[in-house]
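K.L.:
Here's a structure for you.
Rule-based calculations on the coordinates, nothing more; no lab input. Everything numeric here is computed off the predicted structure, so don't read it as measured data. Neighbour counts are summed over all protein chains in view; Cβ atoms, including those assigned to glycine, are modelled from backbone coordinates with ideal geometry.
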Amino acid sequence: MLPDNSHRPEGGPIRVLVVDDHQVLLRALEDWLGGVPLVKVVGIFGSAREALSCLPERRPDLVLLDANMPDMGGIDAVEPIKQWNPSVRVVIMSFDEVHLAIARRMSTVDKAIDKHHLREQFPLLIQEIARTRPSI
């Protein structure tokens, strides 16, 4: 198990780590998230395994995971993330309804978002996290 994450003071930016194997989409998400208020992108990864190895260093509050990736899908990465820190929010993203249905049935997944609707749903997610995140 990876070491636990320490919480930031209430009111600081929400630290977001993004994992997707499609580089064009990954860069578009990075650019878009960089302009979202209350968000600080702390990592962009093309592989779930690489992202898992960087959790202690990056200390995310929110991990956005592509559901289906070659080496380890986002659905498979949820458990190790929650073992590292149960309070980290995990959001599964996909264009595929089957993957979204699987993610929605997992108690460890905080939200499953269709990538087509990410821009619409993400601001509400950030507001919810800002309201409910723990403080030190």
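K.L.:
Give the aspartates and glutamates whose C-alpha is closer than 12 Å to that of LYS82, dropping any in the same chain fewer than 8 places away, or say none.
P.N.:
Filter leaves ASP4, ASP61, ASP110.
K.L.:
Kindly put VAL24, VAL16, VAL42, VAL90 in sequence by how many other C-beta atoms sit within 10 Å of each C-beta, fewest to most. Walk me through the intermediate numbers first.
P.N.:
Details: VAL24 8, VAL16 27, VAL42 19, VAL90 23.
Ranked by crowding around the Cβ, least crowded first: VAL24, VAL42, VAL90, VAL16.
K.L.:
Using alpha-carbon pairs under 8 Å, 6+ residues apart, how would you state the relative contact order of the range 20-132 in percent? Spell out each step's value before the answer.
P.N.:
Details: 143 pairs, mean separation 22.3, N = 113.
Here the relative contact order equals 20 percent.
K.L.:
Per residue of the chain, what 222 nm ellipticity follows from adding -39500 (n - 2.57) for every DSSP H run with n ≥ 4, rounded to the nearest 500? Mind dumping the intermediate values first?
P.N.:
Working: 6 runs with 56 residues, N = 136.
Mean residue ellipticity at 222 nm (helix-derived): -12000 deg cm²/dmol.
K.L.:
Could you state the number of Å between the C-alpha centres of the range 64-136 and the range 24-50?
P.N.:
14
K.L.:
Separate question: Of VAL18, MET72, LEU38, which is farthest on the positive side of the dipole of the range 10-74, counting Cα position, with +1 on Lys and Arg Cβ, -1 on Asp and Glu Cβ, and the Cα centre as origin?
P.N.:
Ranked along the dipole, the leading option is LEU38.
K.L.:
Hey, another quick one. If the chain between CYS54 and THR108 were fully stretched, how many nm would it gain, using 0.36 nm times the residue separation less the Cα-Cα distance? If you can, show how the numbers build up before the last one.
P.N.:
Details: separation 54, 0.36 × 54 = 19.44 nm, distance 1.99 nm.
Full extension of this stretch gives 17.4 nm more.
K.L.:
Could you list ILE92, ILE102, ILE126 so that the one with the fewest beta carbons within 10 Å of its beta carbon is first and the one with the most is last?
P.N.:
Numbers: ILE92 26, ILE102 17, ILE126 21.
Ascending number of Cβ neighbours within 10 Å: ILE102, ILE126, ILE92.
K.L.:
OK, next. So for ILE81, ILE44, fewest C-beta neighbours within 10 Å to most, what's the order?
P.N.:
Ranking ILE81, ILE44 by Cβ neighbours within 10 Å, fewest first, gives ILE44, ILE81.
K.L.:
Sticking with this one: Which of ALA28, THR132, LEU55 sits closest to the plus end of the dipole of the range 20-132, meaning its Cα is farthest towards the positive end, when Lys and Arg get +1 and Asp and Glu get -1 on the C-beta?
P.N.:
Projecting each Cα onto the dipole axis, the largest value belongs to THR132.
K.L.:
Mind checking the full-extension length gain between VAL36 and GLN121? Use 0.36 nm per residue of separation minus the Cα-Cα distance, one decimal, nm.
P.N.:
Answer, rounded to one decimal: 29.4 nm.
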